[in-house]
Structures are given as C-alpha cells and as structure tokens.
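Take a look at the structure below.
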Amino acid sequence: MAKPFASGERIHLVRKGRTYPLLLLENGCFRFSGETLQHNDLIGREDGTEIALSRGTRLFALRPTRSEYVLHMPRGAQILYPKDLALILTWADIYSGATVVEAGIGSGALTLALLTAVGTSGRVISYEIRNDFAKRAIENIGSYLGGDAENDLPHLCLRLEDIYEGIRETSVDRLVLDLPEPYRVVPHAARALRSGGIFLSFLPTVPQVERVVAALRKEPAFEWIETFETLLRTWNIDGLSVRPDHRMIAHSGFITTARRVTRLP
Ligand code: SAH
C-alpha cells in the first residue's frame with residue numbers, strides 16, 4: 001500500500017489542470033483565493049485524496065510523479081523535459097547497477113531520472129562547473145528522494161569540475177552529456193568508457209550535432225553513431241473533437257548516441 005502523506009514531504013494540490021506545489025509542515029497553512037487549508041488535515045491522508053478548502057473549493061492532493069515533480073521544482077538551468085528523459089534512459093540503456101557519468105547537473109532533472117534507473121546498486125557521477133546550480137540540483141534531488149544534503153545521496157557523486165578538462169573515472173558504463181560542447185568531451189569519453197559502453201549527448205541545434213558526430217567519427221573507439229529527434233504530440237479527445245492538440249513543444253533537442261568498441265589491432 002502507498003504510504004500516507006507525511007510532514008516534510010512535497011505534494012501537489014491540483015485543480016482544473018493547475019498545480020500548486022506544497023511543502024507539508026505540521027501546523028502549516030495553505031492559502032488559496034482567500035480560503036485556507038490546514039496542513040494537519042493533509043498529513044496522514046492517502047495519495048490521490050480529494051480535499052475541501054475552508055469555503056468548499058475542492059482540490060486533489062497528489063504525491064507528484066517524477067515528471068510532475070521536475071516540471072515544478074525550482075530551476076537554475078533549463079531542465080530536460082520528461083519526453084527526452086524517457087528516451088535518454090532507454091537509448092543510453094541505463095540499467096540497474098550501472099556506473100553513469102553525466103554533465104552538467106543543471107537543475108537535477110536528468111540526475112534524478114538516472115539515480116532512479118541505476119538504483120541502489122548503481123552510481124551516478126555528475127560533473128558541473130556552477131556551484132549555485134549544483135547546490136540547487138542537490139536540494140531538488142534530495143527533497144524528492146527524501147534527504148536534503150549530499151551525504152544523504154550515497155549513489156550520487158558530485159564533481160565541481162569542468163568535464164572539458166577530463167573525466168577522472170574509468171570503466172564507466174554510460175556517459176550522458178547535456179551541455180553546449182560535447183565534442184570537447186569525446187576524447188575523454190573514449191578513455192573513460194568501458195568497451196561496450198554508451199555515449200549519449202543531447203543538443204538543441206544542428207551545428208552542435210554536426211560537430212559532435214564529426215568528433216565521434218574521428219575517434220576509432222566509437223561505432224554506430226546515430227542521431228534522432230523526439231516529438232510528443234498530445235491529443236484532444238472530447239465528443240466529436242478528436243484531433244491533435246493545437247499546441248505542442250515543437251522542438252527541444254537532438255539525441256546522438258555512439259557505442260564504445262575495441263577493435264582488432
Ligand atoms: N540536464 C540538466 C540540465 C543541464 S543544463 C537537467 O535536466 O536539469 C547544462 C549544465 O551544464 C549547466 O548547469 C552548466 O553549468 C553545465 N556545464 C556547462 N559546461 C560544463 C562543463 N564544461 N563541465 C561541467 N558542466 C558544465
């Protein structure tokens with residue numbers, strides 16, 4: 001059974017498609033258009049419960065999914081969208097127990113997805129050059145996973161270093177890059193990844209993709225270099241109006257993958 005809401009937990013109150021994030025605190029009070037709700041009336045309740053405010057307005061109280069959480073968490077850097085996170089996990093083949101290097105940590109959306117996928121037997125090593133972003137990301141990740149300091153995240157190792165300068169780790173299973181110049185990481189990637197390991201980069205523009213593909217082709221350690229984009233189009237299903245929604249995220253980025261190989265001498 002799902003556990004009931006507890007003090008210190010971040011939940012979402014949802015009404016008419018709008019989401020109001022809330023940090024549950026004993027004796028706290030939520031205010032909404034002149035109405036109130038005591039946090040104590042939510043603590044101990046079940047995920048998905050409908051609740052009424054002081055003058056009768058109803059909302060649903062939900063424990064956010066990982067996607068809902070990352071879309072509403074405080075941001076420093078731009079986050080990767082859930083549609084891209086989903087594909088990255090599969091195309092980089094992130095598995096339970098894997099050692100994954102990523103850069104940069106940004107707001108922590110990708111890191112959170114990677115940590116969930118590698119599980120308690122895996123490790124995520126995250127390179128980031130901006131201290132302020134790293135701090136925010138760690139807070140975001142900790143508050144979702146139920147800790148609030150780096151010490152509480154034993155499967156995450158933060159490196160406040162420039163990954164263009166090098167990767168300290170070796171025998172890495174997967175390398176996932178969400179930063180502007182991944183081509184500068186390709187020579188380091190060839191040394192850090194184990195044979196059979198996977199390189200993945202996410203990039204918003206075509207000239208960047210051309211450069212990363214050129215760098216991967218130049219490096220004999222890489223094979224099966226592939227690039228694709230992702231489009232997610234939601235639909236309106238309402239009576240006779242069955243059609244794609246008018247608005248969509250038309251562009252986020254291109255995903256490029258490559259496999260680290262060992263060739264005959
Ligand atoms: N994937 C993240 C967003 C990353 S934004 C998320 O889902 O939230 C890109 C990040 O890369 C920024 O935080 C930026 O500071 C960092 N970055 C840029 N160049 C870098 C470098 N050379 N080494 C390490 N981090 C870098």
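The values are calculated or read from the model by the stated rules, or taken from the named source; none is laboratory data. Here the structure is a predicted model, which means the values were calculated and not measured. In this analysis, Cβ positions are derived from the backbone assuming ideal geometry, glycine residues included, and neighbour counts consider all displayed protein chains. Just so you know, the surface numbers come from the protein's heavy atoms only, side chains and all, with ligands and any DNA or RNA stripped out. Shrake-Rupley method; radii C 1.70, N 1.55, O 1.52, S 1.80 Å.
Results, tabulated for the structure shown:
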{"read-out": "Taking segment 1-59 and dividing mean pair separation by its residue count, relative contact order in percent (alpha carbons under 8 Å, at least six apart)", "value": "33"}
{"read-out": "Mean ellipticity per residue at 222 nm, deg cm²/dmol - from DSSP H runs of n ≥ 4 across the chain, formula -39500 (n - 2.57)", "value": "-7000 deg cm²/dmol"}
{"read-out": "Segment ALA6-LYS218, length gained on full extension (0.36 nm per residue, minus Cα span)", "value": "71.0 nm"}
{"read-out": "Loop-located trypsin sites (Lys or Arg not before Pro) in segment 212-241 whose Cβ has at most 14 other Cβ within 10 Å (DSSP)", "value": "ARG233"}
{"read-out": "Alpha-carbon centroids, segment 69-88 and segment 94-124: separation in whole Å", "value": "14"}
{"read-out": "Over segment 1-144: Rg over Rh, Cα atoms, Kirkwood Rh", "value": "1.03"}
{"read-out": "Phi-based couplings in Hz for segment 87-104 (Karplus 6.51, -1.76, 1.60; Gly and Pro marked x)", "value": "6, 4, 4, 7, 6, 8, 6, 6, 10, 4, x, 6, 9, 10, 9, 10, 7, x"}
{"read-out": "Loop sites in segment 1-106: chymotrypsin sites (Phe, Trp or Tyr not before Pro), DSSP, at most 15 other Cβ within 10 Å", "value": "TYR95"}
{"read-out": "Residue-normalised accessible area of segment 51-192, expressed per residue, 1.4 Å probe, Å²", "value": "44"}
{"read-out": "Qualifying trypsin sites (Lys or Arg not before Pro) for segment 1-33 [loop in DSSP, other Cβ within 10 Å: at most 15]", "value": "LYS16"}
{"read-out": "Average Cα contact separation per residue, segment 140-265, under 8 Å, 6 or more apart, as relative contact order %", "value": "24"}
{"read-out": "Nearest-ten-degree value, helix 206-218 long axis tilted from longest Cα axis of the chain", "value": "40"}
{"read-out": "Placed amide H near ARG159: partners under 5 Å, 5+ positions off or other chain", "value": "SER126, TYR127, GLU128"}
{"read-out": "Table column - 3J(HN,Hα) (Hz), segment 176-181, Karplus curve with 6.51, -1.76, 1.60, x for Gly and Pro", "value": "10, 10, 10, 8, x, 10"}
{"read-out": "Computed label-point distance, nm, for sites ALA52 and SER171 using a 7 Å Cα→Cβ extension", "value": "6.2"}
{"read-out": "Length released on extending from LEU23 to THR36, taking residue separation times 0.36 nm less the Cα-Cα span", "value": "3.2 nm"}
{"read-out": "Gained length - TRP235 relative to THR116, 0.36 nm times residue gap less alpha-carbon distance", "value": "39.9 nm"}
{"read-out": "With Cα atoms, 0 to 90° folded angle of helix 131-145 axis to the chain main axis", "value": "60"}
